[in-house]
Amino acid sequence: LSRRTLGNAGYLAQDTIVAPATAVGGAIAIIRLSGGKSGPIVCALTAGKVDPASAPPRTLIRANLRDERGGLLDDAMIAWFPGPGSYTGEDSAEIHVHGGAWVVSRVLQNLHARGARRALPGEFSFRAVRNGKMNLSQAEAVSDLIGAENEAAASLALEKMSGTQSKLVSELAEELRNLATFGEVGIDFADQDIEEVSLPALRKRAERARQRLQLLSESYARGSKIQSGVGTALLGLPNAGKSSFFNALLGEDRSIVSEIAGTTRDIVRERVTLSGTRASVTLRLEDTAGLRESSDPIEKIGIERTRQATHRADLLLLVVDARTTRETIDLFLTQSAAPISEKRRVIGVLSKCDLATPREIEGARAALSESGKRRVVETSAFTGAGIQEASLVIADECESMTHREAGEVLLTRESQAEAVNEAREHLDRALTAPQIELFAADLRQSLASLGPLIGETPAEEILTRIFSTFCIGK
Ligand SMILES: Nc1nc2c(ncn2[C@@H]2O[C@H](COP(=O)(O)OP(=O)(O)O)[C@@H](O)[C@H]2O)c(=O)[nH]1
Ligand SMILES: [Mg+2]
């Protein structure tokens with residue numbers, strides 16, 4: 001983006017902004033405009049046809065769009081949203097033009113020329129927050145909904161848009177504020193033995209608040225897996241059929257498959273949403289080089305990356321050729337035991353079942369399941385047999401990692417989890433504070449840590465970090 005279209009823009013600038021709200025290539029594109037100059041700009045753009053003084057609000061009006069010399073830009077539909085009853089709370093408009101890169105860029109250029117600057121990512125939502133139309137948690141929920149790739153993510157985001165998360169956090173903050181105030185009062189009455197503001201009584205209440213913060217902080221583990229996906233790595237010996245299985249799950253030829261051992265080197269990543277018995281789950285799937293001793297310097301790097309992928313994965317899929325002997329499987333399990341043994345989930349995938357005898361399959365299943373301890377699916381990427389079943393088993397295995405009680409609030413963003421953690425740490429300190437003065441000070445800090453979650457307008461740098469993950473036009 002050039003300086004000219006951006007100006008000295010920051011999120012706190014008050015100027016009029018414009019951005020396409022739809023992706024390139026559709027039949028219709030929607031361009032959004034918001035800010036004080038929206039009215040005069042729309043009026044000029046439509047040569048007076050849509051005049052904010054008389055135009056019916058929130059109604060589609062057909063109008064020719066004209067450039068400054070009167071040249072026709074498009075035959076369009078415009079909705080005029082006067083502030084404060086608009087999404088951003090400002091005067092704004094949505095211009096529906098014919099889709100396609102040329103028309104959209106001509107109209108945008110014209111709007112820039114008439115004084116609207118290109119919006120920053122999420123800037124419309126930012127303005128909605130600034131103008132009190134929604135709070136920060138609700139704005140983040142809007143962004144979560146746009147990014148939702150499964151049912152659970154969408155319903156969590158929709159609930160949060162109605163304010164469930166901000167309500168919960170505000171209640172917690174209110175309790176922290178009360179405790180801090182009581183602590184401060186307690187300082188003055190320390191010699192009078194008033195039970196309500198004594199350190200032991202306040203500690204008891206603070207302990208309950210700590211537990212609630214702890215639960216909220218732990219909810220991020222599930223919330224992030226619902227919203228961003230369950231990290232899943234494919235592990236196995238070279239040529240086991242990892243890449244073939246990866247492609248079969250995706251339903252497309254994404255990762256290179258060949259009979260040459262060591263074909264996959266760098267990690268190949270894709271997202272896929274699988275349907276389980278009860279719920280669908282999104283995976284962040286990583287196809288790896290696999291694990292083996294190698295002298296090839298490039299493959300060695302791939303194997304090191306495999307180890308890293310294994311360590312960060314929530315779920316491991318152990319892919320083993322169904323014809324592999326028990327000894328080889330045992331050896332493979334021992335060699336990869338370190339990454340497998342940690343708390344992550346593991347599913348065995350027998351591959352190339354079309355080439356194996358029933359006896360071989362049974363033998364390999366027994367070895368890979370370690371006598372029934374682990375779920376094992378039989379597949380053939382070649383015939384497609386067992387792939388559907390494997391998807392189902394994987395999705396069901398993920399269910400406990402992505403489970404949510406009806407109405408339960410789960411954090412989905414790292415910045416939120418960090419804020420809650422920080423608040424909890426200050427509370428931990430408050431709980432061991434030897435004097436009421438220190439207790440009160442720690443509670444104030446704990447409360448301050450929750451600031452970004454309860455809509456106190458945070459510093460511009462924090463806002464930039466939050467809203468820059470949004471899409472343009474939202
Ligand atoms: N017949 C058969 N061959 C397979 C199957 N899966 C993989 N292969 C073959 O096994 C070889 C290695 O597969 P690949 O997916 O590259 O294994 P990777 O090294 O573990 O990624 C290739 O020649 C594949 O065509 C399968 O289900 N059936
Ligand atoms: Mg491969």
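The values are calculated or read from the model by the stated rules, or taken from the named source; none is laboratory data. Owing to the predicted nature of the structure, the values given are computational and were not obtained by experimental measurement. Neighbour counts are summed over all protein chains in view; Cβ atoms, including those assigned to glycine, are modelled from backbone coordinates with ideal geometry. With ligands, DNA and RNA removed, areas are computed over all heavy atoms of the protein, side chains included. Shrake-Rupley method; radii C 1.70, N 1.55, O 1.52, S 1.80 Å.
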Here are Gly251, Gly276: which of them is more than 10 Å from ligand 2 (Cβ to nearest atom) and closer than 18 Å to Phe382 by Cα?
-> Gly251
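Would you mind stating whether Ser255 is under 30 Å from Cys353 (Cβ atoms), outside any helix (DSSP H, G or I) and touching a strand residue (DSSP E or B) at 6+ places or on another chain (Cβ under 6 Å)? Walk me through it before giving the result.
Numbers: under 30 Å from Cys353 (Cβ atoms): yes; outside any helix (DSSP H, G or I): yes; touching a strand residue (DSSP E or B) at 6+ places or on another chain (Cβ under 6 Å): yes.
Yes; evaluated as a whole, the condition is true for this residue.
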Residues in segment 315-328 that are in contact with a helix residue (DSSP H, G or I) (Cβ under 6 Å, 6 or more places away or on another chain) and of a type outside the set (A, V, I, L, M, F, W, C): how many?
-> 3
Residue list for segment 270-308, restricted to those being at pLDDT 85 or above, hydrophobic (A, V, I, L, M, F, W, C) and within 15 Å of ligand 1 (Cβ to nearest atom) | Leu285
Identify all residues within segment 399-440 that are in a helix (DSSP H, G or I), without any contact (Cβ under 8 Å) to a residue 40 or more places away in the chain and open to solvent by 20 Å² or more (accessible area, probe 1.4 Å); write none if there are none.
-> Ser400, Glu418, Glu422, Glu425, His426, Arg429, Leu438
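Would you call Arg326 basic (Lys, Arg), more than 16 Å from ligand 1 (Cβ to nearest atom) and touching a Gly at 6+ places or on another chain (Cβ under 8 Å)? Write out each step before concluding.
Numbers: basic (Lys, Arg): yes; more than 16 Å from ligand 1 (Cβ to nearest atom): yes; touching a Gly at 6+ places or on another chain (Cβ under 8 Å): yes.
Against the criterion (basic (Lys, Arg), more than 16 Å from ligand 1 (Cβ to nearest atom) and touching a Gly at 6+ places or on another chain (Cβ under 8 Å)), Arg326 qualifies.
Got a number for residues in segment 96-113 being touching a residue at least 24 places away in the same chain (Cβ under 8 Å) and open to solvent by less than 50 Å² (accessible area, probe 1.4 Å)?
First, pick out the residues of segment 96-113 that are touching a residue at least 24 places away in the same chain (Cβ under 8 Å): 96-101, 103-104, 106-108, 110-113.
Add one more test, that the residue is open to solvent by less than 50 Å² (accessible area, probe 1.4 Å), and what stays is 96-97, 99-100, 103-104, 107-108, 110-112.
Number satisfying all stated conditions: 11.
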Those strands (runs of 3 or more DSSP E) completely within segment 265-375 that have 2 or more residues that are surrounded by fewer than 18 Cβ atoms within 10 Å (Cβ to Cβ) are 268-275
Name the one entry in Ala27, Ala53, Ala47 that is hydrophobic (A, V, I, L, M, F, W, C), open to solvent by 50 Å² or more (accessible area, probe 1.4 Å) and on the phi > 0 side of the Ramachandran plot.
-> Ala47
Residues of segment 356-393 being over 20 Å from Leu283 (Cα atoms), near ligand 1 (Cβ under 10 Å from one of its atoms), among the hydrophobic types (A, V, I, L, M, F, W, C) and touching a Ser or Thr at 6+ places or on another chain (Cβ under 8 Å), which ones?
-> Phe382, Ala385
Those residues of segment 254-269 which are in contact (Cβ under 8 Å) with a residue 12 or more places away in the chain, under 19 Å from Thr379 (Cα atoms) and within 6 Å of ligand 1 (Cβ to nearest atom) amount to Val257, Glu259
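For Ser198, indicate whether it is surrounded by 15 or more Cβ atoms within 10 Å (Cβ to Cβ), within 25 Å of Val409 (Cβ to Cβ) and not aliphatic (A, V, I, L, M).
Numbers: surrounded by 15 or more Cβ atoms within 10 Å (Cβ to Cβ): yes; within 25 Å of Val409 (Cβ to Cβ): no; not aliphatic (A, V, I, L, M): yes.
The answer is no for Ser198.
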Could you count how many residues in segment 68-92 are open to solvent by less than 30 Å² (accessible area, probe 1.4 Å) and over 30 Å from Gln138 (Cα atoms)?
-> 4
Look through segment 114-157, keep the residues that are of a type in the set (Asp, Glu) and open to solvent by less than 30 Å² (accessible area, probe 1.4 Å), and return whichever of them is farthest from Ser170 (Cα to Cα).
-> Glu123
In segment 233-252, residue surrounded by the fewest Cβ atoms within 10 Å (Cβ to Cβ) [restricted to those that are within 8 Å of ligand 1 (Cβ to nearest atom) and part of a loop (DSSP other than H, G, I, E, B)] | Pro238
